[in-house]
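Written out below as structure tokens is the structure these notes cover.
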Amino acid sequence: MIKKGLLFFCLGLTVLSAGAQQIYSTNKYPLVDFRQPLDITPVALSGSFGEIRGNHFHSGMDFRTNQREGYPVYAIADGYVSRMRVQNSGFGLALYLTHPNGYTSVYGHLSRFAPQIDRAVKDLEYQKKTFELDEFPDAAAFPVHKGDIIAYSGNRGSSGGPHLHFEIRDSKTEQTINPQLFGIQVPDNIPPVISALYVYQTNQKPFNEFTPKKALPIAGANGSYKLTQQTVVPVSGEIGFGISANDRHNGASGNNGVYAIRLELDGKIIYTSAVERFAFENSKAINSHIDYPAFMTTRRTIQKSFVDPGNPLQIYSSLINNGRILLGDTNVHQVRYLVSDAKGNESVLAFQIRSDGRSAIQTPDEPEGVAMSYEKDNDFSAEGMKLRLPKGTLYNDLKLTYKVRPKPAVGAYSRIHQIHNNLVPLHTGFELWIKPDVDMGALKDKAVIVSTAGGSQGGIYDQGYIKGTPRTFGSYYIAVDTVAPTIAPLNFAEGKNMKGIARMNFRIRDNLSGIKSFNGYIDGAWVLMEFDTKTATLWHTFDERTASGKHDFKLVVEDMKGNTRTYTANFYR
């Protein structure tokens with residue numbers, strides 16, 4: 001319908017389309033309010049909304065920028081700058097625009113902001129003496145109009161190459177929504193590719209690394225797929241299915257994620273997942289959505305078509321028995337997958353199944369362990385160790401296994417405590433206390449919990465224990481961090497003439513607990529140092545604050561355990 005110049009659409013839980021847009025949804029979105037955020041044509045993506053990434057769903061669209069930085073980024077509609085963010089990693093430089101229609105657009109990995117915004121951000125950084133910034137200006141501070149240049153594309157933060165990360169969020173809930181549902185166009189008449197099909201022997205048990213599965217070879221192209229070796233698949237007991245699939249669009253496309261997966265049994269929908277929108281606090285549940293053990297052991301991404309009971313994602317609908325199938329007869333049953341992208345291109349994989357007790361996939365015996373429930377807080381303790389898994393940490397019930405291993409030969413203050421294994425995904429971190437096997441004295445304030453796989457898990461002294469919050473199961477012990485970060489000048493040295501050189505560059509690193517802060521001073525006055533985590537590069541860009549002549553420079557870098565390194569030098573401008 002037409003309402004105050006805005007075109008809306010509303011679709012049910014069926015395969016429908018409107019203006020080449022497709023969605024399994026009952027929500028309404030404006031189709032003509034927004035323009036493209038870039039003027040690069042043809043439009044090309046290096047990442048799609050909802051695409052499966054390490055530990056999260058991709059929260060927006062990644063627009064390719066011809067492997068270059070500096071393209072103008074445009075306000076997609078009237079509104080105002082509601083958030084200005086500067087990070088060492090993450091989005092790097094990002095702007096958020098709030099629009100009067102109830103949505104907020106987000107622009108990440110920018111190289112720089114438009115001049116007025118850039119000046120305001122820099123002034124705030126100097127005022128607060130910090131590089132990282134997260135500010136929420138008043139609506140009147142930075143109004144924008146549709147088509148205004150608000151920034152320039154870049155490669156800052158946790159970016160793997162020059163591109164624009166773009167999102168549209170619900171301003172009230174902060175949920176991120178697929179931008180293609182708002183008329184943000186990407187040329188696409190290519191159906192998704194289905195590359196693999198698996199059947200799982202679930203047998204009314206929690207899904208874990210011991211759930212057996214079998215690959216069913218398939219073949220096909222251009223939206224039509226079938227089994228290659230069987231006309232009817234024999235199955236036994238309760239089963240589930242999973243598939244591997246990806247999508248491409250016209251032109252310079254990467255292997256992007258699919259929008260929706262629907263599974264039917266005898267013409268009835270038993271499972272639908274559609275990445276229309278999601279809440280950021282639930283994004284890590286991607287590890288429940290996929291076959292996580294398979295990903296960790298083979299790096300293959302299989303999207304399960306059955307839902308774990310502790311999975312908080314709201315992307316599922318039309319579920320019958322959470323997508324698990326238990327046949328009650330020996331008749332032949334029709335199974336069909338429909339996999340689609342956000343433009344309505346669809347691929348179909350159809351096959352048949354029949355119950356046959358002789359076809360059961362052998363289920364291995366699980367090791368004995370301590371019962372943990374996904375529905376409640378779980379506590380466990382042993383000599384020199386205790387842990388807590390808060391409610392909401394697990395996606396399935398678990399039999400937790402635990403072992404003590406010998407203390408590492410060098411630098412350890414406890415034995416190794418092996419907490420289960422890394423094949424079980426966790427939605428949130430868990431609390432882990434390890435007791436030192438010696439009196440640490442003053443070193444207790446330098447103690448951290450370390451993974452044998454590498455990396456600090458943090459650590460604070462807590463009533464005779466060192467407490468950390470690992471995000472995954474694994475093997476952990478106590479170490480100490482007494483080593484200060486390193487500072488390596490890259491284009492700077494004692495007595496150097498920096499006239500005509502735009503900035504001074506350094507590389508800073510820490511051996512264990514991580515960088516906490518960095519502060520630079522010229523002639524005793526604080527100056528802005530900018531940092532990029534992925535390259536460990538720290539720099540200061542000269543401006544009018546540094547006049548011609550001789551200057552002294554000091555850089556102080558501190559790690560999470562209070563170890564500091566200071567670098568000093570004189571230079572000329």
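The values are calculated or read from the model by the stated rules, or taken from the named source; none is laboratory data. Remember, it's a predicted structure, so these values are computed and weren't measured experimentally. So basically every Cβ, Gly included, is an ideal-geometry build from the backbone, and we count neighbours across all protein chains shown. The accessibility values were calculated without ligands, DNA or RNA, using every heavy atom of the protein model including side chains. Shrake-Rupley method; radii C 1.70, N 1.55, O 1.52, S 1.80 Å.
For the reader, a short list of remarks on this structure follows.
- For segment 448-480, the candidate set comprises residues that are in contact with a strand residue (DSSP E or B) (Cβ under 7 Å, 6 or more places away or on another chain) and among the charged types (D, E, K, R); within that set, the residue that is modelled with the lowest pLDDT is 462.
- Of the residues in segment 500-508, at least one is assigned to a loop (DSSP other than H, G, I, E, B), in contact (Cβ under 8 Å) with a residue 12 or more places away in the chain, among the hydrophobic types (A, V, I, L, M, F, W, C) and open to solvent by 20 Å² or more (accessible area, probe 1.4 Å).
- Residue, nearest to the chain's Cα centre (by Cα), within segment 438-452, restricted to residues that are farther than 20 Å from residue 516 by Cβ, open to solvent by 40 Å² or more (accessible area, probe 1.4 Å) and in contact (Cβ under 8 Å) with a residue 24 or more places away in the chain: 452
- Residue under evaluation residue 245, criteria (1) open to solvent by less than 40 Å² (accessible area, probe 1.4 Å); (2) more than 19 Å from residue 54 (Cβ to Cβ), criterion not met: (2)
- Tally of residues being under 30 Å from residue 404 (Cα atoms), part of a strand (DSSP E or B) and either out of contact with any Pro (no Cβ under 8 Å at 6 or more places or on another chain) or not aliphatic (A, V, I, L, M) (or both) across segment 460-499: 12
- Taking strands (runs of 3 or more DSSP E) as the structural unit, those lying wholly within segment 113-230 and holding at least 2 residues that are aromatic (Phe, Trp, Tyr) correspond to 193-201.
- Among the residues of segment 163-183, those identified as under 25 Å from residue 282 (Cα atoms) and either free of Cβ contacts under 8 Å to residues at least 24 places away in the same chain or open to solvent by less than 20 Å² (accessible area, probe 1.4 Å) (or both) are 164, 165, 166, 167, 168, 169, 176, 177, 178, 179, 181, 182.
- Scanning segment 347-363 for residues that are of a type outside the set (A, V, I, L, M, F, W, C), part of a strand (DSSP E or B), farther than 11 Å from residue 225 by Cβ and open to solvent by less than 60 Å² (accessible area, probe 1.4 Å) turns up 352, 355.
- Subset of segment 231-258 [part of a loop (DSSP other than H, G, I, E, B), within 22 Å of the chain's Cα centre (by Cα) and not β-branched (Val, Ile, Thr)]: 248, 253, 254, 255, 257
- Residue 299 fulfils the conditions (1) touching a strand residue (DSSP E or B) at 6+ places or on another chain (Cβ under 6 Å); (2) open to solvent by 60 Å² or more (accessible area, probe 1.4 Å) except for a single criterion, (1).
- Residues in segment 374-400 that are in a loop (DSSP other than H, G, I, E, B), of a type outside the set (D, E, K, R) and either farther than 25 Å from residue 281 by Cα or open to solvent by 10 Å² or more (accessible area, probe 1.4 Å) (or both): 374, 384, 390, 392, 396.
- Restricting segment 48-79 to residues that are more than 22 Å from residue 104 (Cα to Cα) and among the charged types (D, E, K, R), the residue that is most open to solvent (accessible area, probe 1.4 Å): 68
- Among the residues of segment 132-148, those identified as in contact (Cβ under 8 Å) with a residue 60 or more places away in the chain and either within 19 Å of residue 87 (Cβ to Cβ) or surrounded by 15 or more Cβ atoms within 10 Å (Cβ to Cβ) (or both) are 141, 142, 144, 148.
- From the options 554, 534, residue that is under 23 Å from residue 125 (Cα atoms) and modelled with pLDDT under 95: 534
- Residue match in segment 453-470 (condition: among the hydrophobic types (A, V, I, L, M, F, W, C), surrounded by 14 or more Cβ atoms within 10 Å (Cβ to Cβ) and within 24 Å of residue 561 (Cβ to Cβ)): yes
- Among the residues examined, residue 326 does not qualify as in contact with a helix residue (DSSP H, G or I) (Cβ under 6 Å, 6 or more places away or on another chain) and modelled with pLDDT of 95 or more.
- Scanning segment 401-431 for residues that are within 11 Å of residue 475 (Cβ to Cβ) and either part of a strand (DSSP E or B) or open to solvent by 50 Å² or more (accessible area, probe 1.4 Å) (or both) returns 402, 403, 404, 405, 415, 416, 417, 418, 419, 422.
- The lone exception for residue 261 - which of (1) outside any loop (DSSP other than H, G, I, E, B); (2) open to solvent by less than 30 Å² (accessible area, probe 1.4 Å); (3) over 19 Å from residue 197 (Cα atoms); (4) not acidic (Asp, Glu) it fails: (3)
- The residue list 154, 108, 160 contains one member that is under 25 Å from the mean Cα position of the chain (by Cα) and without any contact (Cβ under 8 Å) to a residue 24 or more places away in the chain, which is 160.
- A count restricted to segment 29-47 and to residues that are open to solvent by less than 10 Å² (accessible area, probe 1.4 Å) and part of a loop (DSSP other than H, G, I, E, B) stands at 1.
- Under the condition of being touching a strand residue (DSSP E or B) at 6+ places or on another chain (Cβ under 6 Å), over 17 Å from residue 528 (Cα atoms) and surrounded by fewer than 18 Cβ atoms within 10 Å (Cβ to Cβ), the residues counted in segment 99-122 number 1.
- Restricting 314, 334 to residues that are loosely packed, with under 15 Cβ neighbours inside 10 Å and closer than 19 Å to residue 275 by Cβ narrows the list to 314.
- Answer residue from segment 80-98, given it is open to solvent by 30 Å² or more (accessible area, probe 1.4 Å) and among the aromatic types (Phe, Trp, Tyr) and is nearest to the chain's Cα centre (by Cα) among those: 91
- Number of positions in segment 515-556 that are assigned to a loop (DSSP other than H, G, I, E, B), open to solvent by 20 Å² or more (accessible area, probe 1.4 Å) and under 28 Å from residue 481 (Cα atoms): 3
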